[in-house]
Amino acid sequence: MKPSLFRIRPLLSLTLGAAGLLAVPALSRAATHVSVGVGVGVPLPYGYSEVRVGSDRYYYHRGVYYRPGPHGYYVVHAPRGAYIHALPPHYTRVYVGGTYYYRYGDVYYQTYRNGYMVVDPPPAVVASIPAPVKEEPQTVWVGDVEYQYKDGQFFTKNADGLVWAPAPLGAITKTLPAEARSVWYQENEYFECDEVYFKKTPDGYKVIEAPWKGAQPPPR
């Protein structure tokens, strides 16, 4: 028996509590709040959060930080002092001098109140839990447009760097996003992550419209 149809709508809740710091070096004061489904003129990933470090504003999603640029939102290095509620997928723990750090790529976090904060890299790693195999970006072509794909996100590249792009219909990827969920509709299995739907094909996973979009309602 197939599971009934469902759609995943991530709900991020990012808060700063009133408790004291948890053994974290002195850092820039950061505030974070969620902006989901807000019209900003140029698109951002579904479920992104807004991160403020001092007077600077960033946007965050799945371990990637963005700032607005001339042609969209550009990938930037994680700012020291940025606070997030949950760690990105595929992080690893690093143990240094009696303290645990959390590493994602070349970014290090420490626990801070009810979440995690970007900190400077530790001076030396004395022991660590091995990191999983790093996923390299895939090159995906849709027509004559080239995209870079990694963990469910698509990017285009120009002279200023990588720019986030909405998932293009028809794109075929080798892998699914780490948090993709199985969705069944009319006896067929699809996969959904951040409101993007994939269908398995002999060549890989193809980005499609929601399978029920435009479907006629059943007769009464």
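The values are calculated or read from the model by the stated rules, or taken from the named source; none is laboratory data. Everything numeric here is computed off the predicted structure, so don't read it as measured data. Cβ placement follows ideal geometry from the backbone for every residue including glycine, while neighbour counts extend to all protein chains displayed.
Considering only residues of region 180-214 that are assigned to a loop (DSSP other than H, G, I, E, B) and of a type in the set (Gly, Ala, Ser), which is nearest to residue 45 (Cα to Cα)? Talk me through it step by step, then tell me what you get.
Restricting attention to region 180-214, the residues satisfying the condition of being assigned to a loop (DSSP other than H, G, I, E, B) are 180, 186-187, 194-195, 202-203, 209-214.
If we keep only those that are of a type in the set (Gly, Ala, Ser) as well, we get 180, 210, 214.
Working: 180: 15, 210: 17, 214: 24 Å.
The residue in question is 180.
Scan region 39-50 and tell me whether some residue there is of a type in the set (A, V, I, L, M, F, W, C) and either within 17 Å of the chain's Cα centre (by Cα) or modelled with pLDDT of 85 or more (or both). Don't jump to the end; show me each part of the working.
Within region 39-50, the first condition is being of a type in the set (A, V, I, L, M, F, W, C), and the residues that meet it are 40, 42, 44.
Filter again for either within 17 Å of the chain's Cα centre (by Cα) or modelled with pLDDT of 85 or more (or both), leaving 44.
Yes, because at least one residue in region 39-50 is of a type in the set (A, V, I, L, M, F, W, C) and either within 17 Å of the chain's Cα centre (by Cα) or modelled with pLDDT of 85 or more (or both).
Could you check region 153-163 and list, in sequence order, the residues that are of a type outside the set (D, E, K, R) and either within 18 Å of residue 203 (Cβ to Cβ) or in a strand (DSSP E or B) (or both)?
So the first thing to find is which residues in region 153-163 are of a type outside the set (D, E, K, R), and the list is 153-156, 158-159, 161-163.
153, 154, 155, 156, 158, 161, 162, 163 - these are the residues of region 153-163 that are of a type outside the set (D, E, K, R) and either within 18 Å of residue 203 (Cβ to Cβ) or in a strand (DSSP E or B) (or both).
Within region 146-179, can you find the residues that are basic (Lys, Arg) and surrounded by 15 or more Cβ atoms within 10 Å (Cβ to Cβ)?
Listed by number, the list holds a single entry, 150.
Determine whether residue 167 is without any contact (Cβ under 8 Å) to a residue 60 or more places away in the chain, within 20 Å of residue 66 (Cα to Cα) and over 19 Å from the mean Cα position of the chain (by Cα).
In short, no.
Filter region 114-149 for residues that are modelled with pLDDT under 85 and not in a loop (DSSP other than H, G, I, E, B); which is farthest from residue 179 (Cα to Cα)?
Checking each candidate, the answer is 127.
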